[in-house]
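The values are calculated or read from the model by the stated rules, or taken from the named source; none is laboratory data. This is a predicted model, so every value here is computed, not measured. When we count neighbours, we look across all protein chains shown, and the Cβ atoms used for this are built from the backbone with ideal geometry, even at glycine. Protein only, heavy atoms only, side chains kept; ligands, DNA and RNA dropped before computing areas. Shrake-Rupley method; radii C 1.70, N 1.55, O 1.52, S 1.80 Å.
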Amino acid sequence: MTDTFKSIAALDDPAFLKSFTEEREALNDSARLHISNMLICDHDGIDRGLNCFRAINDQLFELPGKDTVKLTVKLLTDRGISKSEITRCIGIPERRSNPLLNKWMNEDSDSKINKSNWIVLATMAGLILPMKI
Amino acid sequence: MSNLKVDKFLQIKTIDSLSQDEIDSGMTEIAIRDAFARNHNFQSVFGENPIEQNDPCLLLITDENYIPPTTVQLQSVVDLLMSRGLKKTHISKNLGINPDGSRSLNYWLNPDKDRPIPYASWRLLLAISGLSATTILLNEDVKQRITDKVIRERKNKSEALKGVK
């Protein structure tokens, strides 16, 4: 499998053209909203210059401190998204959800968020945008 | 310069305090990232991708129709990335897992093992392969307000264009 694209002739099919256009517009709208939010907003004081917001394969990347996880979760809960919804969106089974999220935010807990969960959490908060490499 | 008028949820403050250089570089970064996102989205929609765009494994986990990927689907995405010259160790690095021997990745790819790829790693793999993207999470009210606003703006723009013709 290599990167190939559909023939341009596919666009002659009105049904394909319609679904292609709608889907692309929806994706572009979410991407534009995400990027604007990421680059223009003040994110309630979260510093996007921290190493935890670097690309995951960047040598300087490091996991966030508990305070950053807490602020990131707050950013989402302030938008009306509950902690259970947040963990559900990361794919954590319901029975483990809230306690686990609380552990990631609790200074006294040894449990740290792992890298992929952090990337998805920070993405949902609109702080980073992992894309095609 | 006038204040940026935006929805409160975006928490955007004024840009009055920024210098012209800061505004220009910010705008350039937005344009670059926007171009990247468009390229990414084009791949998702127009690419001959190993996974069909409407496959349930591309849905968000919150969608009741979501089905985790099979090892065959996972392998096809890894193959796509490898066809771009990436090695399994690079892929592992980009997933934030130990690249030594690509053990976790190989484990997830092995149909005989019962440990599937965790959802967050799967989403990340989809993002780096350009097959799907995770974006900002908003509640339905806010999303609806934004959608309405975008539709309104598109309509105004198209009416304005008709007026010009």
- Tilt of helix A:115-124 relative to the longest C-alpha principal axis of chain A, in degrees (0 to 90, nearest 10)? 70
- Message: Give the A-B buried accessible area in Å², both sides summed, 1.4 Å probe, nearest 100.
- Response: 5300
- Query: What is the log10 of I(q)/I(0) for the range B:46-116, computed with the Debye formula using one identical point scatterer on each Cα and no solvent, at q = 0.11, 0.15, 0.20, 0.27 Å⁻¹?
  - Reply: -0.30, -0.56, -0.95, -1.25
- Note on the structure: Length-normalised contact order of chain A, Cα under 8 Å, at least 6 apart, in percent, tallies to 25
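Find me the longest stretch of chain A that has none of the exposed trypsin sites (Lys or Arg not before Pro), where exposed means in a DSSP loop (not H, G, I, E or B) with at most 15 other Cβ atoms within 10 Å. List each step's numbers first, then the result.
Working: sites that count: A:6, A:48, A:54, A:112.
Within chain A, the longest run free of exposed trypsin sites (Lys or Arg not before Pro) spans A:55-111.
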- Query: So what are the ³J(HN,Hα) numbers for the range A:35-43, from phi and the Karplus equation (6.51, -1.76, 1.60; θ = phi - 60°), rounded to whole Hz, Gly and Pro as x?
  - Reply: 5, 4, 4, 5, 8, 9, 7, 8, 6
- Task: Along Cα→Cβ, 7 Å out, is where each label goes; now give me the distance between the ones at residue B:160 and residue A:51 in nm to one decimal.
- Result: 4.7
- Item | In Hz, Karplus ³J(HN,Hα) per residue of the range B:83-96 (6.51, -1.76, 1.60; θ = phi - 60°; x = Gly, Pro) | 5, 8, x, 8, 9, 4, 5, 5, 4, 4, 4, 6, 9, x
- Step through the residues of the range A:86-95 one at a time and calculate ³J(HN,Hα) from phi using the Karplus curve (6.51 cos²θ - 1.76 cosθ + 1.60, θ = phi - 60°), rounding each to whole Hz and writing x for Gly and Pro. 4, 5, 4, 5, 8, x, 8, x, 3, 5
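As a test of the formula, what do you get for chain A when each DSSP H run with n ≥ 4 contributes -39,500 (n - 2.57) and the sum is divided by the residue count, at 222 nm and rounded to the nearest 500 deg cm²/dmol? Each step should come with its number before you reach the end.
Details: 5 runs with 66 residues, N = 133.
Rounded to the nearest 500, it is -16000 deg cm²/dmol.
Computed FRET efficiency, Cβ-Cβ of residue B:140 and residue A:12, R0 41 Å: what is it to the nearest 0.05? If you can, show how the numbers build up before the last one.
Numbers: r = 36 Å, r/R0 = 0.89.
Efficiency at R0 = 41 Å is approximately 0.65.
Quick check on chain A: what does the Kirkwood estimate of hydrodynamic radius come out to from the alpha carbon pairs, in Å? Please list the in-between numbers first.
Values: mean 1/r = 0.0588 Å⁻¹.
About 17.0 Å, per the Kirkwood formula over Cα pairs.
What full-extension length gain, to one decimal in nm, is calculated for residue A:44 and residue A:133 as 0.36 nm per residue of separation minus the Cα-Cα distance?
Working: separation 89, 0.36 × 89 = 32.04 nm, distance 2.97 nm.
Once the chain is fully extended between residue A:44 and residue A:133, it gains 29.1 nm.
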- Cα-Cα over 32 Å: which of A:74/B:88; A:18/A:70; A:6/B:87? A:74/B:88; A:18/A:70
- Task: Return one whole number: the accessible area per residue of the range B:29-152 in Å², for a 1.4 Å probe.
- Result: 50
- Task: Please give, to one decimal in nm, the separation of the simple spin-label points placed at residue B:89 and residue B:31, each 7 Å out from Cα toward the Cβ.
- Result: 3.9
- Amide H contacts under 5 Å for residue A:5, restricted to residues at least 5 apart in sequence or on another chain and with H modeled in the peptide plane, are B:48
- Task: Taking amide H positions as placed in the peptide plane 1.01 Å from N, state which residues far from residue B:59 in sequence (5 or more) or on other chains have amide H under 5 Å from it.
- Result: B:67
